[in-house]
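For reference, the structure discussed in these notes is given below.
The numbers here are math on the coordinates, done by the rules we state, and not lab data. Bear in mind the structure is a predicted one, so any value in this text is a computation, not a measurement. FYI the Cβ positions are ideal-geometry reconstructions off the backbone, even for glycines, and counts take in every protein chain you see.
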Amino acid sequence: DTVMGLRACGGETEAALAAAEDEIYRLDEALSRTREDSAVSRLNSAAGGTPADVGEELRDLIARALDFSAATDGAFDITLAPVSSAWGFTEDTYRVPEDAELALLLPCVGAEHVHLEEGTAVSLDQGTRIDLGAIAKGYASDRMAAIYQEHGITHGIVDLGGNTWVCGGNLEGEPWQIGIQDPARSAGALAGILEASDAFAVTSGGYQRYFEENGQTSHHIIDPRTGYPAENGLISVTIISADGTLADALSTSLFIMGPEEASSFWKKHRDTFDAIMMKDDGTVMVTAGLADHCSVTTGGNVEVIQE
Ligand code: ADP
Ligand code: MG
């Protein structure tokens, strides 16, 4: 249910777009956990049993996901699948689960329940399920960049729904302008504009997928420490990086960390990404590297995070 848009210019455009589209369908078939025949579903069904051979690509992606779990102190966690399902986010059957129900699921959540085995095999402990929803589109955008490069594309935009990759600059030789959604307003209303060339920009926010029950709003980014939607002071996080998979994983992770922890995380890893973070009090935090490449139009306070 994600609208994707691809544009290409310069080079073999038709072939690049056809290959890119095929690749998106191929990855959906391999990585979606709602498809019974996907490699991820086969791994999930094998949980608690013998290791499953998932192939090199999926094994490498799971290995990266485990690295992000370690780097983010567990904020990023692909094993939240049973918890997301309890909230109904996977099947679109939204409901607020009981505390007791979550307490039964949480012991099977955690990177320590995922094991990289010999060759290209992976195993999961009994009761553990994985969901690559927070990283798969980022990986797909890295693949799009590779396909564009193979076909000599010089300018382009790939929008995989909250995951944008800009190829080169625009046709006037300037950086592309990427709009940042204002989480407080309707879809398409912007909070700011970011200028970038050859970069991935990925946004995670609680406003993208959520439901309301008894006056309480619940969104789909879950804090692994509690099993509840993360409410740690941020309403949206955009990551800009030369690595699409990393940008996707970290947009989810920093959203969960909240402003202070996210700022110190950036200070430790500032060589690999920049970020725009919107706080629930209207403040927009921008990392130092972006200050000159991003304009904020919400009228809220802008705070530059310095190294
Ligand atoms: P989107 O899918 O809207 O682009 P994200 O990249 O932030 O947003 O991914 C959110 C999805 O990732 C959820 O729908 C869920 O499947 C999964 N998820 C939820 N919480 C976490 C988490 N703490 N770590 C990793 N994946 C998560
Ligand atoms: Mg993500």
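Worth pointing out:
- Mean-position separation - Cα centroids, segment 180-201 and segment 45-59, in angstrom: 37
- Label-point separation, Lys267 to Arg35 (7 Å along Cα→Cβ), nm: 4.4
- Computed extension length for Glu98-Val304: 70.2 nm, one decimal, from 0.36 nm per residue of separation with the Cα-Cα distance subtracted.
- Euclidean distance of C-alpha centroids, segment 203-243 and segment 103-178, integer Å: 18
- Paramagnetic reach from Arg185 in segment 285-307 [backbone N under 20 Å; point 7 Å along Cα→Cβ]: 285-286, 294-303
- Each of Leu116, Leu250 has some number of other Cβ atoms within 10 Å of its Cβ, and from fewest to most they run Leu116, Leu250.
- Taking Cys9, Cys167, Cys108 and counting other C-beta atoms within 10 Å, the order from fewest to most: Cys9, Cys108, Cys167
- The residue list Gly168, Leu124, Pro183 was ranked by how far each Cα lies along the charge dipole of segment 119-234 toward its positive end, using unit charges on Cβ atoms, and Leu124 comes out on top.
- Among Val158, Val96, Val202, the largest mean-square fluctuation in a Gaussian network model of the chain, built with springs joining Cα atoms closer than 10 Å, belongs to Val96.
- Over the chain, volume per residue of the alpha carbon convex hull, in Å³: 131
- Modelled FRET efficiency - R0 30 Å, Asp67 with Glu91, Cβ distances, 0.05 increments: 0.55
- Paramagnetic label zone (point 7 Å from Cα along Cα-to-C-beta, Tyr228; backbone N under 16 Å) in segment 199-218: 211-218
- The calculated FRET efficiency for Glu260 paired with Ala291, based on their beta-carbon distance and R0 = 22 Å, is about 0.70.
- Gain on full extension, evaluated as 0.36 nm per residue between Thr2 and Thr50 minus their Cα-Cα distance, stands at 13.9 nm.
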